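Below is one structure; the comments refer to it alone.
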Amino acid sequence: MKFSPTLGLLALVSGASSLTVTTNVDQLRSKQNTTVVPNTFIVELQPDFHPGLQPKDRFAKTKPGAKPNWRVRHQYNDTDIFYGVSVSFDSPVDLATLRTSAGVKNAWSVAVVPRPELRGLWGVNKGGTKLPDYRGSSDVNRPLDMGNVQKLHDKGIKGKGVQVALIDSGIDYTHPALGGGFGRGHKVALGYDFVGDAYDGSNDPQPDGDPLATCADGGHGTHTAGIVAMQDPKKQGFGLVGVAPEATLAAYRVFGCEGGATNDILIAAMIQAWRDGADIVSMSLGLWQAWEEINPFEDVVDKLTSHGVAVVASIGNFGTAGPYSSSTPAISLSALSVGSIESDIYPTAWTAHDDQHRAINYINVFPASELGRVEVVQLGYGLAVPITPNITSGCDQDAWDALSNAQLNWNTTILQVSWESWCGTAWGPAADLGVKALLVTMSEAQDILVDEPGSEPAALYLDIDNSKLLLSRLAKQPAGKKYALTFDGTKAVDVANPYGSAPDYFSSFGPTIEMTLEPKISAPGGTILSTFPVDAGGYAVLSGTSMSAPFVSGSLALLKSQNPRLTVPQLFARLMTTARPVNELNSKLTASAARQGAGMIDAYAAVTADTVISPAEFSLRDSASPAPQKITISNQSRSRKRYSLQHVPGTFYRLSNNYLSDIKDNFSSANLPLTLDIPASAQFSQSSVTLGPGQSVTVEVQIKPQPDMYPFANPVYSGFIKITADDDDEYSVPYLGVPYNRTEVGPIVHNVTTVKPYDSPGILKAQATNLFLADALTPTPNLETYNWTTDLDEAYIPVFRIDTIMTRFLRLELVPANVSFVPSMYGFDPDVHIDYKFPDQPILPGFLDVPTYGLVLAESLEPQPEGSPIMQSTDIGHFLGLALLDPSLTSDKGDKFRIAAGDYRVLFRTLRWRGNETNPDDYESWLGPVMRFDIPSDLPPDFPNSSE
């Protein structure tokens, strides 16, 4: 399912009795919740704390280590990379206290990293380790051409002598394309299994020395390994070739056959990869994390880099969330984060022929030859109406009813259905009818990312052209005569991908909160054919930044094999400055650097470059007038060169386009933030320079964004400084920034043009049985009455609507109606006199000396102690729609209680950018109007469930 990022309502639920209000699924901003393992931490120890002792014994000397009943999960005893422990306590431990303990350098909560998604198509077991020969006319190695790798292969450059470590779900090294074995002399020469098949992130791992993974759900690592270094044997497979087929692979298994993995295991694997001699560590995994400063991988990645080990990581698959959706470890400052670009083709299409021997091409991983000759019946067969895509979509129940009465032989019949964006894949009833296979047509381009192995019925997809062809033939078929297809094609062909060469919609956006460019670079990652466990079919077509990261890792192996003396930052800079920026989908606009980084990788240009550009990126941070930047151009060729400089603006993004009434087109077709043509401008101190061999020059460039009226919409601008040599070699430097000062703006969204019901901050009055915001009422100014009753149809309750940007801590609570607190902004007229009805409710000691009745919601970026009413959130933009369905609150100690009738105000406080949580002046606040609560004293304890 696709989600729109534009002004969604996040699922923010605390220990308080509040209900998150949602409108509809297309308005949800997708995000990933962080699962923290309770009372379990990664602890980095000070190097001079009790030297000579092992990490476990050193930790025992700390104040937290003096507590009883703790156990060590991992010891990290490599002073060159990371020295410390991961430790679990039986009793609650405060992370803040742990971090400030003598002997502790830093500490982080142990969190579960979700297993990478298998997004795409894969086949079924064909049996045996000798795979069929599927070679045909398909350009299965098209991604190599997209990344300009094939030219290097033609020169014999294939990554020999470089070791690439894959930290993933293990590898089925029995696959012929991956060498067929494990150990010295094999392609997969080293590795370790840290977890075992049964590990799911919540149980104890069962490590051993063999990284073999043969389960289908563990096939992710086999797929990424193939992208790096596969080589199909003659007359087996598709003829696939990896980016660096002569590189040595090392496999470190951190995921079992299901579930996630904890970040302390990942750190152990990174250290082991370095010990085993890795040149490159490829990590196609991640946890949503836009804040660099709380990234537990930062120190490890930095140390690996200083020792010459390059860390390449996928940026994440949270692109529908818009800017600031990057993940860790990709955001580590020393890592090379990778975004995804869609392949130009669907690489595995096959041919079926009708009785006139006219061809139809369908998309699947393997040929559906087992179907033989089948008659094509359209969904809607048996209805006395013309069959249209609306009927064949599957969302018309009458069509299924008619089909169930048709008494068709599904062993000799295939059902044609239509994939319509308004309906989705609503073909579930087909399985109940005994349908064996679906022939799926489409009226508009769709991403083919829905099938799983063993899905019943099997779905065979037709692209737009073949869909039109089939439907035309069906429409012309004489009445009473059946149209049949014979699935006789066994050689792969390919069909054009309408999304080809554009950034993938799922690929996460940068920047980080600290305004670092993310991703750094992009590579083919959408619709990629590669190896898969032999028992699960041997091959799969998958999509994700998981696929683009190993492509970059392989490209880096090619570059390093030819430039062994370059440092990791120099290698990264070479890849970035030689990358080729791509356009937005179906647009002449250059895609934002927040989506593609430096652009599509060009491995050949990186290897053959004879000009060095520095720096490889600009962060213009948060300013309407960013400081001038300097670019140094160094001619390392043997001839004189003239260079010209040009500014190429990238697209402008806003996260919350539908929050602004004068933005008419609120949603993009790809369910992404709207791409806007609001280009920055640039001026150069010199627009061209001429350099002799070995000469360098520094050019100053002043980049200026257009003024922006909507800072609360999280705008991001970007572009590229293009440098072209007179021999036609091209280089570029991406830049990125936000066109306002984050210290001066926000974080509470206010004073913007809004569209009802999205006024913020504010309170709406909603019927308890209808929490759809568009149906909510606007309360009477200054004072409104709300009532709870066991008849929910008669209950009208408050809905708090408050949006924020760029905050790491927020607090929503109910306070006395006569509170003396002076907020940053009022939600009422403070000069209006009101005769208060004070509730019979204890007033509690409040946060920063503000009296309170209790919390509705509190969120922090930092992990919280067990039992705390404060939730940990990984997000920095909050779109609150909270209904007080049950009139209950939570104390700061975590106690939940029902409140009494009377007058209340809502107080919302949120921390300013870079603010101090203990300083009242660092908060922006909003104090709401009086809410007069009518709460029956006999309201059932289990309200509202008691009234259902």
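Read-outs throughout are calculated quantities, based only on the coordinates presented, and are distinct from any laboratory measurement. Every value quoted in this text rests on a predicted model; they were computed, and no experiment measured them. So basically every Cβ, Gly included, is an ideal-geometry build from the backbone, and we count neighbours across all protein chains shown.
Observations on the model:
- Here the Kirkwood formula, the inverse mean of 1/r across different C-alpha pairs, assigns region 561-655 a hydrodynamic radius of 15.3 Å.
- Computed log₁₀ I(q)/I(0) - Debye formula, equal Cα scatterers, no solvent, the chain, q 0.06, 0.08, 0.09 Å⁻¹: -0.47, -0.84, -1.05
- Using equal-weight Cα scatterers in the Debye expression, the normalised intensity of region 126-257 in log10 at q = 0.12, 0.19, 0.22 Å⁻¹ is -0.48, -1.06, -1.28.
- Using the Karplus relation 6.51 cos²θ - 1.76 cosθ + 1.60 with θ = phi - 60°, the per-residue 3J(HN,Hα) values for region 75-90 come to 10, 10, 10, 10, 5, 6, 10, 7, 10, x, 9, 10, 9, 10, 9, 7 Hz, with x marking Gly and Pro.
- Helix-only CD estimate at 222 nm, as mean residue ellipticity for the chain, using -39500 (n - 2.57) per DSSP H run (n ≥ 4): -3500 deg cm²/dmol
- Under a 5 Å amide H cut-off, with hydrogens placed 1.01 Å from N, Y173 pairs with A213 among residues at least 5 apart or on other chains.
- Euclidean distance of C-alpha centroids, region 252-267 and region 29-97, integer Å: 18 Å
- Inter-label distance, nm, simple model (7 Å from Cα along the C-beta direction), D791/W422: 3.9 nm
- Under 5 Å between amide hydrogens, built in the peptide plane, is the criterion, and for I678 it picks out F652 among residues at least 5 positions away or on other chains.
- Kirkwood Rh and Cα Rg combined as Rg over Rh, evaluated for region 731-794: 1.25
- As a proxy for reagent exposure, I721, I341, I748, I843 were ordered by neighbouring Cβ count within 10 angstrom, fewest first; the result is I843, I721, I748, I341.
- Cα centroid separation - region 809-879 against region 162-206, whole Å: 51 Å
- Table column - 3J(HN,Hα) (Hz), region 517-533, Karplus curve with 6.51, -1.76, 1.60, x for Gly and Pro: 5, 9, x, 7, 7, 10, 7, x, x, x, 6, 10, 8, 7, 5, 8, x
- Annotation: amide H of I414 within the under-5 Å range of E375, V376, V377, sequence separation 5 or more or interchain, hydrogens built in the peptide plane.
- Placing a pseudo-label 7 Å from each Cα along the Cα-to-Cβ vector at N203 and E375 gives an inter-label distance of 5.0 nm.
- Straight-line cross-link partners of K151 among the lysines, defined as a Cα under 23 Å from its Cα and at least 8 positions apart when in the same chain: K160, K187, K234, K560.
- Once Rg and the Kirkwood radius are both taken over the C-alpha atoms of region 55-197, their ratio Rg/Rh works out to 1.13.
- For region 35-113, pairs of C-alpha atoms spaced more than 20 angstrom apart make up 21 percent of the total.
- Förster-model FRET efficiency, 51 Å R0, T388 and T769, C-beta, rounded to 0.05: 0.90
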